[in-house]
Amino acid sequence: MRRLMIFLSLIAGMLTACVTPPKHAADDDGLTQRLKSHIVYLTSDELQGREAGTDFEKKAASYLAEQLQQMGVKPYAYCDEEAPSDSLCYFQPFSATRTTVYRQTSITVMDSSGESLRGFTWGDDFANYHDMMFPVQMSAPVVFAGYGITAPEFNYDDYQFLDVSGKFVMVLDGEPVSANDDYFYGDIPSSYSSPLFYKRHRAKELGARGIIVLAEGKLREQWSMFSDYFKSSSLDFSALPEDSADESGRMPFLYATPNFFRKVIDYSLYSLDSIEARSATGGTVPHFDIPAIRLSFRAYVRRTAVPSNNVIGYIEGTDPDLRKEYVAIGAHYDHLGKNEKGEIYYGADDNASGVSATLEIARYLVARPVRRSVLIIFHGAEEKGLLGSDYITMPETPKPFDITDVVTYLNLDMIGRGHTDSMFVIGSSKISLELKNLIESINTKGKYFHFDYVFDREDDKNYYYYRSDHYHYAKYSVPIAFFFDGMTEDYHYPSDTEDKIDYVKIRKMALLGHEIIRSVGNRERRFRVTEKMYE
């Protein structure tokens with residue numbers, strides 16, 4: 001009975017889906033309403049922001065699986081009769097480690113008698129990436145050690161007249177300003193500039209109890225945005241520590257805001273403003289103890305195992321030979337959950353927009369399959385570090401296809417905002433110029449969008465090519481194209497809501513994406529790979 005019901009459901013889905021994709025100027029085919037229906041549900045209070053590893057993410061995953069089943073998209077894996085739900089047949093489960101740094105984590109400035117003078121809070125004043133954090137309670141004197149560098153070949157040593165043993169070391173990011181290629185290599189950063197790979201090791205080597213680095217660059221400029229990330233939990237594939245794991249050999253390593261540095265240095269004879277003025281002009285940066293105070297640091301950190309899922313279906317190709325290859329299209333379906341104030345991050349553009357278009361592309365492809373098989377992939381835990389796409393593309397991950405059999409991957413991540421007739425395209429020529437040419441040809445013929453390739457430039461500082469799921473496919477030399485509407489003022493804020501979505505734009509992207517998949521799926525040969533990421 002169970003198998004008969006599945007069969008009848010698939011047939012019904014195929015019959016309702018057997019429609020020809022409309023021209024993008026029309027709006028009488030139900031596509032726009034279906035796109036809206038998906039986004040309204042995914043951004044509803046019922047799903048609470050779809051944070052990875054939560055029941056709300058799983059509820060979103062079940063919705064996607066049910067949609068695929070109703071359309072007639074086949075499940076990613078065989079599901080036996082013992083499975084509690086048909087929708088689980090579409091799940092590719094993976095387990096990650098969740099790290100939570102609790103808001104009680106703090107640094108307190110204390111005077112020599114142990115009296116509390118000032119307090120600083122996790123995320124607002126200091127932080128680091130979650131995998132660098134561990135439980136600790138400690139109190140130590142504090143010193144300022146310039147850049148925290150010992151470089152004998154340049155006759156430079158910030159620690160020459162300092163005793164940092166048993167103390168917190170505060171340092172500037174970067175290295176001395178230089179226009180001389182023979183002195184810290186001029187404008188090219190040397191290995192000494194790295195807080196993670198050099199400065200913390202040097203401080204620990206000298207006996208420091210901890211190191212605090214002044215935030216610079218994007219971290220300093222956009223601390224308020226990063227703050228929400230620091231305050232939320234993170235996921236990665238690191239192993240859970242043993243219950244008896246000894247943390248005594250680890251040293252706290254933190255980044256802190258200018259306000260933190262300014263307030264702590266105020267207890268000395270110097271000021272942060274004067275120090276930064278000297279640093280900017282290549283002057284000598286001072287090094288000094290701050291004997292009037294101690295820093296008390298308490299970190300409350302917990303790591304737990306968390307399940308997540310990719311949701312994967314496939315549409316079998318019509319060609320007996322080419323059906324062994326796959327064209328893939330996908331979008332991540334998770335978002336950020338809620339913030340500490342209880343506000344929901346709805347994630348309408350990021351990325352209910354891409355999910356909705358991918359679902360509707362699947363509907364058209366079921367009605368008119370192409371020669372190659374098509375993978376429909378909704379990645380989990382993208383917001384926690386591209387974990388779902390990382391997991392599915394690993395060669396050792398169990399799956400019914402090999403990554404070398406995927407001929408193209410299209411990534412739809414944030415496609416519902418910005419100008420209706422414009423779309424950023426990223427990476428389409430990175431692996432194969434043929435893919436870019438094909439997409440351009442289809443787009444020109446259909447008059448869908450003006451394509452903007454500004455984020456493909458080598459000097460782009462946003463690094464979007466490395467910041468969404470397509471990157472893990474590109475690592476294995478799969479030609480990719482990432483369609484993206486650009487950052488808005490609502491990016492990663494609770495204000496990314498459904499009412500701001502441009503459904504005309506998503507509709508056009510769904511129709512364009514469908515045409516691209518059809519063309520790639522029916523090609524006689526694979527794209528010629530012009531650049532391999534990894535040999």
Review point. Name the residues in region 131-152 that are over 26 Å from Asp111 (Cα atoms), open to solvent by 10 Å² or more (accessible area, probe 1.4 Å) and either of a type in the set (D, E, K, R) or more than 33 Å from the chain's Cα centre (by Cα) (or both), would you?
Key: Asp131, Thr150, Pro152
Exercise for review: Determine if region 366-374 includes at least one residue that is open to solvent by 40 Å² or more (accessible area, probe 1.4 Å), at negative phi and polar (S, T, N, Q).
Suggested key: no
Check your understanding: Applying the selection to region 135-163, what residues are in a strand (DSSP E or B) and more than 24 Å from Pro189 (Cβ to Cβ)?
Key -> Val136, Gln137, Met138, Ser139, Ala140, Pro141, Val142, Val143
Review point. For the subset of region 382-434 comprising residues that are open to solvent by 20 Å² or more (accessible area, probe 1.4 Å) and among the small types (Gly, Ala, Ser), which member is nearest to Ala52 (Cα to Cα)?
Key: Gly385
Exercise for review: Hey, can you tell me all the residues within region 42-60 that are at pLDDT 95 or above, in contact with a Ser or Thr (Cβ under 9 Å, 6 or more places away or on another chain) and aliphatic (A, V, I, L, M)?
Suggested key: Leu42
Practice item. Look through Ile39, Ile11 and report the one residue that is at pLDDT 55 or above and either surrounded by fewer than 13 Cβ atoms within 10 Å (Cβ to Cβ) or more than 24 Å from Cys89 (Cβ to Cβ) (or both). Key: Ile39
Review point. Among the residues of region 157-201, which ones are of a type in the set (Ser, Thr, Tyr), in contact (Cβ under 8 Å) with a residue 60 or more places away in the chain and closer than 20 Å to Ile265 by Cα?
Key: Tyr159
Review point. Of these, Ile415, Ile376, Ile361, which one is within 22 Å of Ser37 (Cβ to Cβ), out of contact with any Phe, Trp or Tyr (no Cβ under 8 Å at 6 or more places or on another chain) and β-branched (Val, Ile, Thr)?
Key: Ile361
Exercise for review: Considering each of Asn180, Asn128 in turn, give the residue that is over 15 Å from Ser279 (Cβ atoms), among the polar types (S, T, N, Q) and crowded, with 16+ Cβ neighbours inside 10 Å.
Suggested key: Asn128
Revision key, fill the gap. Exactly one of Gly317, Gly313, Gly283 is modelled with pLDDT under 95 and touching a helix residue (DSSP H, G or I) at 6+ places or on another chain (Cβ under 8 Å), and that residue is Gly283
Exercise for review: Go through region 445-456 residue by residue and tally those that are open to solvent by 50 Å² or more (accessible area, probe 1.4 Å) and farther than 25 Å from Met487 by Cα.
Suggested key: 1
Point to revise | Elements of type strands (runs of 3 or more DSSP E) contained in region 331-441, each with 3 or more residues being under 22 Å from Ile315 (Cβ atoms) | key: 373-379, 406-412
**Study point:** Every residue from region 109-125 that is surrounded by fewer than 19 Cβ atoms within 10 Å (Cβ to Cβ) and over 32 Å from the mean Cα position of the chain (by Cα)
**Key:** Met110, Asp111, Ser112, Ser113, Gly114, Glu115, Ser116, Leu117, Arg118
Practice item. Mind listing just one residue for me: the one in region 404-459 that is under 20 Å from Pro479 (Cβ atoms) and among the basic types (Lys, Arg) and, of those, modelled with the lowest pLDDT? Key: Arg457
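So that you can scan it fast, the table gives a plain yes or no per residue for (1) touching a residue at least 12 places away in the same chain (Cβ under 8 Å); (2) open to solvent by 70 Å² or more (accessible area, probe 1.4 Å); (3) part of a helix (DSSP H, G or I):
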residue: Tyr473; (1), (2), (3): yes, no, yes
residue: Val478; (1), (2), (3): yes, no, no
residue: Ala481; (1), (2), (3): yes, no, no
residue: Pro494; (1), (2), (3): yes, no, no
residue: Met509; (1), (2), (3): yes, no, yes
residue: Ile516; (1), (2), (3): yes, no, yes
residue: Arg525; (1), (2), (3): no, yes, no
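Table: residues versus (1) under 20 Å from Ile329 (Cβ atoms); (2) within 19 Å of the chain's Cα centre (by Cα).
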position: Ser432; (1), (2): yes, no
position: Phe451; (1), (2): yes, no
position: Lys461; (1), (2): no, yes
position: Tyr503; (1), (2): yes, no
position: Val520; (1), (2): yes, no
position: Glu524; (1), (2): no, no
Review point. Pairs under 8 Å by beta carbon, first residue at positive phi in region 331-352, partner among the small types (Gly, Ala, Ser) and part of a loop (DSSP other than H, G, I, E, B), six or more apart or different chains?
Key: Gly337/Gly49; Gly337/Ser232; Gly347/Gly49
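The values are calculated or read from the model by the stated rules, or taken from the named source; none is laboratory data. Keep in mind that this is a model prediction, so the values were computed, not measured. When we count neighbours, we look across all protein chains shown, and the Cβ atoms used for this are built from the backbone with ideal geometry, even at glycine. Calculation scope for accessible area: heavy atoms of the full protein, side chains included, ligands and nucleic acids excluded. Shrake-Rupley method; radii C 1.70, N 1.55, O 1.52, S 1.80 Å.
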